[in-house]
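Read-outs: derived from the displayed coordinates by stated rules, not from any lab. Note that this is a predicted model, so its numbers are computed, not measured.
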Amino acid sequence: MIAERSRNYELVMIITPESSDDQVDVTVDKVKSFIVDNGGEIAEQENWGLRQMAYPINHFQEGNYVRTTFSMDSSHLQELNMTLNASEEIIRHLVMKS
């Protein structure tokens, strides 16, 4: 069996503008907990705040942008994507290998 290697990723999430600052923090903490609980490590996190989007998503014109860089075994990436897709607070996300 081949051991999985930790890889570096960058995650950008757009959280619904209806969320308060506290709700945004709770959503971000849930994502961070998922990464850490699966053996990952958070390198950096930036909250870009409420920004206008290029086009409406789910009838929203703006969203709370959050960028996180982290490392995690690639075997957990699919589960992370499913978790992000299932979240009602996260209206769009993108995970990129860095």
Relative contact order of the chain (C-alpha contacts under 8 Å, at least 6 apart) in percent is 47
In Å, the Kirkwood estimate of hydrodynamic radius for the chain over Cα pairs equals 13.9
Net length gained if the chain between residue 60 and residue 74 were fully extended (0.36 nm per residue, minus Cα distance) | 1.9 nm
To the nearest 10 degrees, how steeply does helix 77-86 sit against the main Cα axis of the chain, on a 0 to 90 scale?
-> 20
